[in-house]
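Colleague: I'd like to ask you about the structure that follows.
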């Protein structure tokens, strides 16, 4: 296989962005610790208005890539003008 990818639920990982560490749960209550090299620091998403969702971990060409997803509740507004 050239590429291996897994989606991981919020229950199966722990992220510490200050220490730049991601811990992922594996079999038999064991955890794998990954040291993060952040492309962009996600601090603007960690101000309390966003929550960290599931992640995607991908192994490609001797490197491991982690894709973070963030969630936020939004309030929908009524449109100002209705189109007929």
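Colleague: Which of the residues that make up the stretch 1-22 are touching a strand residue (DSSP E or B) at 6+ places or on another chain (Cβ under 7 Å) and farther than 21 Å from residue 61 by Cβ?
Modeller: Going residue by residue through the stretch 1-22, those that are touching a strand residue (DSSP E or B) at 6+ places or on another chain (Cβ under 7 Å) are 3-10, 12-15, 20-22.
Correct list: 9, 10, 12, 13, 14, 15, 20, 21.
Colleague: Is the stretch 33-46 home to any residue that is modelled with pLDDT of 90 or more and surrounded by fewer than 12 Cβ atoms within 10 Å (Cβ to Cβ)? If you could, list the steps in order and put the result at the bottom.
Modeller: Here is the first cut: in the stretch 33-46, the residues modelled with pLDDT of 90 or more are 33-35.
With the extra rule that they be surrounded by fewer than 12 Cβ atoms within 10 Å (Cβ to Cβ), the set shrinks to 33, 35.
Within the stretch 33-46, one or more residues are modelled with pLDDT of 90 or more and surrounded by fewer than 12 Cβ atoms within 10 Å (Cβ to Cβ).
Colleague: Can you tell me which of 43, 58 is out of contact with any helix residue (DSSP H, G or I) (no Cβ under 6 Å at 6 or more places or on another chain) and closer than 12 Å to residue 7 by Cα? Can you show your working first?
Modeller: Numbers: 43 fails: closer than 12 Å to residue 7 by Cα.
Residue meeting the stated conditions: 58.
Colleague: Here's something else I'd like to know. Hey, can you tell me all the residues within the stretch 23-43 that are free of Cβ contacts under 8 Å to residues at least 24 places away in the same chain, in contact with a strand residue (DSSP E or B) (Cβ under 8 Å, 6 or more places away or on another chain) and under 18 Å from residue 11 (Cα atoms)?
Modeller: Across the stretch 23-43, the qualifying residues are 23, 25, 26, 31, 32, 33.
Colleague: How many residues does the stretch 49-63 contain that are modelled with pLDDT of 90 or more and either loosely packed, with under 13 Cβ neighbours inside 10 Å or not in a strand (DSSP E or B) (or both)?
Modeller: Qualifying residue count, the stretch 49-63: 1.
Colleague: I would also like to ask the following. Pairs please, first residue from the stretch 44-69 and over 16 Å from residue 24 (Cβ atoms), second anywhere and assigned to a strand (DSSP E or B) and modelled with pLDDT under 85, Cβ atoms under 9 Å, 6+ apart in sequence or on different chains.
Modeller: Every condition considered, the pairs that remain are 60/3; 61/3.
The values are calculated or read from the model by the stated rules, or taken from the named source; none is laboratory data. A quick note: this is a predicted structure, and the numbers were derived from the prediction, not measured. Every residue, glycine among them, receives a Cβ derived from its backbone with ideal geometry; neighbour counts consider all protein chains shown.
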